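K.L.:
Encoded as structure tokens, here's the structure I'll be asking about.
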């Protein structure tokens, strides 16, 4: 890994990263914000040019510069399209250390709630009470949500079914021993997804240990420019993951953004060789759940028929961030009677992108509208993805029709004739 600081050093860039961009423009059509806005400065090439100027002190790190950086989804579609291997994700994330201005609510959630599992569980209980007590209807009618700037976030929140409940037993001989990383946001917003993940792993012969006291991975902090806080979280998580890996073969994650960040922890420890090496060792054992199950080889005799037509939306940080495209499709292909229909540009961002749909709602809605059009064109009855954020974004417009890959595998297990 390159550890030198860029020559000017006004931004926290790695030497050589920006210079790898040859301005060829092959990233333009891949970039969601360029497709929506049509502005060169809102393309990867345009942003890198601005970053280069700002790093040399020739462009103020404020105003329009901050606007164009904030509009980036950090979806990394440009990384997949780039023939020169420009590490755009590292460039934008490091630039945001200087440009990001988290709101009071964002900072409170990222610093005071998500890193602490007990507080996350309490937040889940409060949100469930809010939805079931009638307070939600009152808040929506009163205009209070708009006044507090919470209307967008509240509208994206799914109905909370209850707390996490990890049941199910290992089916057949133990094929692997794994630790499950439960994440933070999905504990509150999609607890049934975590439960389904553990059930599927156990039914496929995995002895599963849930890392109950594992806090936030730091993905949202990295994307928000809170790099120092993300580094502190990473340090704690590396220690916990090392302890878990002493007795298991792998750590399994069901959120693409979490998995990508965990695999890139070493970048947070630049200049700290010992921690960098420890993070790299941990990263080699991190597996997306679709990646892990596909490598393990699903026991198809345990799967029952699901007569439905489905289309698959690639999560950005799975397809572009981790290079995992085939595994989810291969798993869906094992489900009897399920017909998979590919949508156009399936790896185009849906607009979720961590907290992007809350910070840039107009662009996020335009990106979602594009996805809804191609989903409709596919003729599929349901949409499948592999990331909680994408799932909630799509479900806000298609309630009851959006599922995680493991949820369909779980349903297929239950549909098997006994």
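K.L.:
Starting from 0.36 nm per residue, how many nanometres of slack lie between residue 418 and residue 108 once their C-alpha separation is accounted for?
P.N.:
Values: separation 310, 0.36 × 310 = 111.60 nm, distance 4.89 nm.
Full-extension gain reported as 106.7 nm.
K.L.:
Let me ask something else. Note the full-extension length gain between residue 339 and residue 22 as 0.36 nm times their separation in residues minus their Cα-Cα distance, in nm to one decimal. Please list the in-between numbers first.
P.N.:
Working: separation 317, 0.36 × 317 = 114.12 nm, distance 4.21 nm.
Full extension of this stretch gives 109.9 nm more.
K.L.:
I need the peptides 344-353, 300-309 ranked by packing, meaning the mean over residues of other C-beta atoms within 10 angstrom, with the highest value on top. Walk me through the numbers on the way to the answer.
P.N.:
Numbers: 344-353: 23.2, 300-309: 14.5.
The most tightly packed comes first, giving 344-353, 300-309.
K.L.:
A follow-up question, please. By average Cβ neighbour count within 10 Å, what is the ranking of 36-48, 107-119 from highest down?
P.N.:
Values: 36-48: 19.5, 107-119: 16.5.
Result, highest mean Cβ count within 10 Å first: 36-48, 107-119.
K.L.:
Counting other beta carbons within 10 Å of each residue's own, what order do 261, 209 fall into, fewest first?
P.N.:
Going from least to most buried by this count: 209, 261.
K.L.:
Now a separate question. From Cα coordinates alone, what are the radius of gyration and Dmax values for segment 302-415 in angstrom?
P.N.:
Expressed in Å, the Cα Rg and Dmax of segment 302-415 come to 13.6, 44.
K.L.:
Angle between the Cα long axis of helix 273-283 and the longest principal axis of the chain, 0 to 90 degrees, nearest 10?
P.N.:
For helix 273-283, the angle is close to 40 degrees.
K.L.:
When the label point is put 7 Å from the Cα of residue 373 along its Cα-to-beta-carbon vector, which residues of segment 311-347 have a backbone N closer than 16 Å?
P.N.:
Within reach of a label on residue 373, which here means backbone N under 16 Å from a point 7 Å along Cα→Cβ, segment 311-347 contributes 343-347.
K.L.:
Once you put a point 7 Å from the Cα of residue 97 and another 7 Å from the Cα of residue 284, both along the Cβ direction, what distance in nm separates them?
P.N.:
2.7
K.L.:
By count of other Cβ within 10 Å, fewest leading, how are 312, 265, 166 ordered?
P.N.:
Lowest count first: 166, 312, 265.
K.L.:
Compare the peptides 11-19, 55-63 by average per-residue count of other Cβ atoms within 10 angstrom and give them in order, highest first.
P.N.:
Working: 11-19: 17.3, 55-63: 13.7.
Result, highest mean first: 11-19, 55-63.
K.L.:
Does anyone have the angle between helix 361-378 and the longest principal axis of the chain? Alpha-carbon axes, 0 to 90°, nearest 10?
P.N.:
Its long axis makes an angle of about 50 degrees.
K.L.:
Taking the 0 to 90 degree range and rounding to the nearest ten, how far is the long axis of helix 88-99 tilted relative to the main principal axis of the chain, both from C-alpha atoms?
P.N.:
It is inclined by approximately 60 degrees.
K.L.:
Still on this structure, I have one more. Listing 211, 363 from the residue with the fewest other Cβ atoms within 10 Å to the one with the most, what is the order?
P.N.:
Values: 211 18, 363 21.
Ascending Cβ contact count within 10 Å gives the list 211, 363.
K.L.:
Let me ask another. Given the options 170, 198, 178, state which has the largest fluctuation in a GNM of the chain using a 10 Å cut-off (strictly under) for Cα springs.
P.N.:
The residue that fluctuates most here is 170.
K.L.:
To continue, here is another question. Pick out which of 129, 269, 34 has the largest mean-square fluctuation in a Gaussian network model of the chain, springs linking Cα atoms closer than 10 Å.
P.N.:
It is 129.
K.L.:
Provide the percentage of antiparallel DSSP beta bridges, counting only those with both residues in the chain; round to the nearest 5. Write out the running numbers ahead of the final one.
P.N.:
Details: 1 of 22 bridges.
Beta bridges within the chain, antiparallel portion: roughly 5 percent.
K.L.:
Among 174, 222, 79, whose mean-square fluctuation peaks in a Gaussian network model of the chain (Cα, cutoff 10 Å)?
P.N.:
174
Bear in mind that the values in this text are calculations on the coordinates, not laboratory data. Being a predicted model, the structure only gives us computed values, none of them experimental. Positions of Cβ are generated from backbone atoms using ideal geometry, with glycine treated the same way; all protein chains shown enter the neighbour counts.
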